[in-house]
């Protein structure tokens, strides 16, 4: 199976003023493309992995042959993380979730404002490059976590439904070193319908 760079579901400038067009163009066309190309190059060394899905590669990362495990972890994780990232943002994003997801957020965190505060803290506080996540575990419960580099929660038996990229390439052109401002404005881009769909699928 050859992995492909997904198209953005909107124009590069569609998320302005929160995320600028040039950042989106470089982020998608350069950074994400490199992850896809390097993942494919790694998989080519082991044709028996050709029918493995991206989710299986990450979920069963310890079963991936050792000589390409690091590449799959980094580049497969990068491909999965960015594919999710594009989909959970929208030009018409922002606001708050509703329905079952809102109920789960209220019962787990105490309210949407509490979720924002805790996830923002996890993302801003991630040392160096990485991600902040809202995840679903095997029991269907929500959790907040952060991960370094391009690690994905699937590697630890949790399903990501919302993620914020805090690598500097995701925000530095507009926000320079002020990561908290980027994360604050990123909330205005979230496509809660997409996140809710991921939540429903994850909890089964």
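If the condition is being within 16 Å of the chain's Cα centre (by Cα) and touching a residue at least 40 places away in the same chain (Cβ under 8 Å), then region 168-181 contributes 169, 170, 171.
Residue 202 meets all of the listed conditions (1) crowded, with 21+ Cβ neighbours inside 10 Å; (2) part of a helix (DSSP H, G or I) but one, namely (1). Pairs meeting the criteria (first residue in region 1-21 and within 10 Å of residue 91 (Cα to Cα), second residue surrounded by fewer than 16 Cβ atoms within 10 Å (Cβ to Cβ) and at pLDDT below 95, beta carbons under 9 Å, at least 6 apart or on different chains) are lacking. Counting only helices (runs of 4 or more DSSP H) wholly contained in region 39-116, the ones carrying 1 or more residues that are in contact with a helix residue (DSSP H, G or I) (Cβ under 9 Å, 6 or more places away or on another chain) and under 16 Å from residue 190 (Cβ atoms) occupy 77-87, 99-109. Close contacts from region 43-64, counting a first residue that is free of Cβ contacts under 8 Å to residues at least 40 places away in the same chain and a second that is assigned to a loop (DSSP other than H, G, I, E, B) and surrounded by fewer than 17 Cβ atoms within 10 Å (Cβ to Cβ), with Cβ to Cβ under 6 Å and a gap of 6+ residues or different chains, come to 46/65.
Taken as a whole, the condition of being within 13 Å of the chain's Cα centre (by Cα), at pLDDT 95 or above and under 27 Å from residue 107 (Cβ atoms) does not apply to residue 125. Against the list (1) closer than 25 Å to residue 59 by Cβ; (2) buried (at least 17 other Cβ atoms within 10 Å of the Cβ), the condition residue 109 fails is (1). Each residue in region 15-30 was checked for being buried (at least 17 other Cβ atoms within 10 Å of the Cβ) and either out of contact with any helix residue (DSSP H, G or I) (no Cβ under 6 Å at 6 or more places or on another chain) or not in a loop (DSSP other than H, G, I, E, B) (or both), and 6 of them qualify. Which condition number does residue 119 fail, the rest of (1) free of Cβ contacts under 8 Å to residues at least 24 places away in the same chain; (2) surrounded by 14 or more Cβ atoms within 10 Å (Cβ to Cβ); (3) out of contact with any helix residue (DSSP H, G or I) (no Cβ under 7 Å at 6 or more places or on another chain) being met? Of the numbered conditions (1) free of Cβ contacts under 8 Å to residues at least 24 places away in the same chain; (2) surrounded by 14 or more Cβ atoms within 10 Å (Cβ to Cβ); (3) out of contact with any helix residue (DSSP H, G or I) (no Cβ under 7 Å at 6 or more places or on another chain), the odd one out for residue 119 is (1).
Is there any pair with a first residue in region 90-106 that is under 18 Å from residue 137 (Cβ atoms) and a second that is in a loop (DSSP other than H, G, I, E, B) and at pLDDT 95 or above whose Cβ atoms are under 7 Å apart and which are 6 or more apart or on different chains, and what are they? If the second residue must be in a loop (DSSP other than H, G, I, E, B) and at pLDDT 95 or above, the pairs left are 105/97. Within the option set 138, 130, 143, being under 20 Å from residue 31 (Cα atoms) and either at pLDDT below 95 or in contact with a strand residue (DSSP E or B) (Cβ under 7 Å, 6 or more places away or on another chain) (or both) holds for one residue only, 130.
Answer yes or no: is there a residue in region 72-87 that is modelled with pLDDT of 95 or more, loosely packed, with under 14 Cβ neighbours inside 10 Å and not assigned by TED's automatic domain parsing to the domain that holds residue 153. There is no residue in region 72-87 that is modelled with pLDDT of 95 or more, loosely packed, with under 14 Cβ neighbours inside 10 Å and not assigned by TED's automatic domain parsing to the domain that holds residue 153.
The values are calculated or read from the model by the stated rules, or taken from the named source; none is laboratory data. Since this is a predicted model, take the numbers as computed values, not measurements. Using ideal geometry, Cβ is built from the backbone for each residue, glycine included, and neighbour counts are taken over all protein chains shown.
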